[in-house]
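S.K.: Sharing a structure, written as structure tokens. Questions coming.
Read-outs throughout are calculated quantities, based only on the coordinates presented, and are distinct from any laboratory measurement. Quick caveat: nothing in here was measured; it's all calculated off a predicted structure. Glycine also receives a Cβ, built like all others from the backbone with ideal geometry; neighbour counts cover every protein chain displayed.
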Amino acid sequence: MADKRILLIIGGGIAAYKSLELIRELGRRGIASRCIVTRAGQEFVTPLSVSALSCEKVFTDLFDLDDEAEMGHIQLSRSADLIVVCPATADLMAKATAGLANDLASTTLLATDTPVLMVPAMNVRMWEHAATQRNIAQLREDGVTVMDPDEGAMACGEFGPGRLPEVPNIVAEIEAQLAAAASVQANPSRLRGRHALVTAGPTREPLDPVRFLSNHSSGRQGYEIAKALADAGAKVTLVSGPVELAPPTNVDFVPIEPARDMLAACEAALPADIFVSVAAVADWRPAQAANKKLKVKDGDADAAGTLKLVENPDILATLSRKKKHRPDLVIGFAAETHDVEAYARKKLKRKRCDWIIANDVSGDIMGGRENEVTLVTPDRSEAWSRMSKDRVAEKLADRIAEHFRGQGPAVLAAE
Ligand code: CTP
């Protein structure tokens, strides 16, 4: 990863000393660090030691005339491939969430159009405080990557989440972010002219006007895939069951509830070049949905006690078996708890799709922000290391672009 540069903002926390190790490790990999040390950060590391390790001038003050003459703060904010805030204190994250710009670090974060990675470290109570969690959720919504802190004994004697992640893990995340930014920069519109259809979230199968059968799908992975494909230039139709996420701004969004509506919306969206079926479609639905609320006292409970279910349509299998308008590349998901690859391979054949993304959901994957998947195609399988769901999405978008590379103009670009 030679010739890459980060802008490292060192906040004020006991973990600041680890930023020195980070600078050295990055340097060994050919990644240069230009550094800003906040006023509080200077209580923990000196600009002199940061400068000695980074071999660069260190920036500390927004109103330093010499610095401004050399490199204005706006220019500084855009002088790197990635901005890394490490350690990201509760205070720095709160400022960035609110859009404050009253010192060099916060002004830089507000003025930049470069991707930002925050590496938090703080006392466990501060980390768990509703205000910090609210700020982190907002930062993620705004497109900032916020790593999860490690859990363990803290310098202040308490125990819990809040420790700075280990330096090798921070280095790995920085390299992943730099690689993702480089692939987008190299070819920002590599899927231009392609139409991608993505399903996401759960479906809701009504029992009566107020009750339904559903599942815990958060929709996060599907939304990230829709965004990554749209960022790669594809026209994207996202058909989604109810989730708590805001849809990406650059997709055509079709909200649905029952599986049959999801199928109808998908068929209406055809033709498409790419179909990625991420939704956790309910396998069954109540045979009949009452049009009035079922009442316990009127004996309806008997009916509910023997709830009759019928099978829902398999949307993935339906679209991949289409004679007319079968998408060129059909990708299914397989959530398994054991024998992941073997089941995925069977599913690939049974549902006649081209690729399966198999994930092991025996751990804490569901609802979380990370995923560990294996890409299964008819002739190979590729295990990807555990990474954030947005990275999985970007990597999948890369693979999809590779698949279409050299195939000439889009076959079916739906308008
Ligand atoms: N899928 C679908 N329609 C359904 C059920 C599943 O489109 N009615 C899609 C999912 O979006 C996913 C893939 O099929 O891409 C696999 O879903 P999964 O629930 O794992 O498979 P099942 O068919 O339910 O098989 P099993 O329960 O045996 O694992």
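S.K.: Once the other residues with Cβ under 10 Å from the Cβ of Ala272 are scored (Lys, Arg +1; Asp, Glu -1), what is the net sum?
M.R.: Details: positive: Arg194, Lys235, Arg326; negative: Asp273, Asp328.
Taking every Cβ under 10 Å from that of Ala272, the sum is +1.
S.K.: Can you list the HN-Hα couplings for segment 273-283, worked out from phi with the Karplus curve (6.51, -1.76, 1.60; θ = phi - 60°), rounded to whole Hz and with x for Gly and Pro?
M.R.: Ordered by residue, 3J(HN,Hα) equals 7, 10, 10, 10, 9, 9, 4, 8, 6, 5, 5 Hz.
S.K.: Which of the helices in the chain, when you take each full DSSP H run, stretch at least 20 Å along the axis at their Cα atoms and have an average Kyte-Doolittle score of -0.5 or higher? Please report the intermediate quantities before stating the final value.
M.R.: Numbers: long enough: 167-186 (28 Å, 0.90); 389-404 (23 Å, -0.83).
Correct list, ordered by number: 167-186.
S.K.: Starting from the Cα-Cα distance between Asp3 and Trp284, subtract it from 0.36 nm times their residue separation and give me the gain in nm to one decimal.
M.R.: Values: separation 281, 0.36 × 281 = 101.16 nm, distance 5.37 nm.
The Asp3-Trp284 span can extend by a further 95.8 nm.
S.K.: Same structure, new question: Want the number for Thr377 to Glu43: 0.36 nm per residue separation, take away the alpha-carbon distance, what's left? Kindly include the intermediate steps, with their values, before the conclusion.
M.R.: On the way: separation 334, 0.36 × 334 = 120.24 nm, distance 5.35 nm.
Taking 0.36 nm per residue and subtracting the Cα distance, the gain is 114.9 nm.
S.K.: Right, here's the next one. Counting alpha carbon pairs within less than 8 Å and at least 6 residues apart, what relative contact order, in whole percent, applies to segment 4-186?
M.R.: Working: 328 pairs, mean separation 39.8, N = 183.
Answer for segment 4-186 is 22 percent.
S.K.: Let me ask something additional. So what is the calculated 222 nm ellipticity per residue for the chain, using -39500 (n - 2.57) for each DSSP H run with n of 4 or more, over all residues, to the nearest 500 deg cm²/dmol? Walk me through the numbers on the way to the answer.
M.R.: Values: 15 runs with 146 residues, N = 415.
When only DSSP H runs of four or more count, the value is -10000 deg cm²/dmol.
S.K.: Looking only at the chain, where both bridge partners belong to it, what percent of the DSSP beta bridges are antiparallel (to the nearest 5)?
M.R.: On the way: 20 of 64 bridges.
Here the share of antiparallel DSSP bridges comes out near 30 percent.
S.K.: Relative contact order, percent, of the chain when contacts are C-alpha pairs under 8 Å separated by at least 6 residues?
M.R.: Numbers: 834 pairs, mean separation 46.7, N = 415.
That works out to 11 percent.
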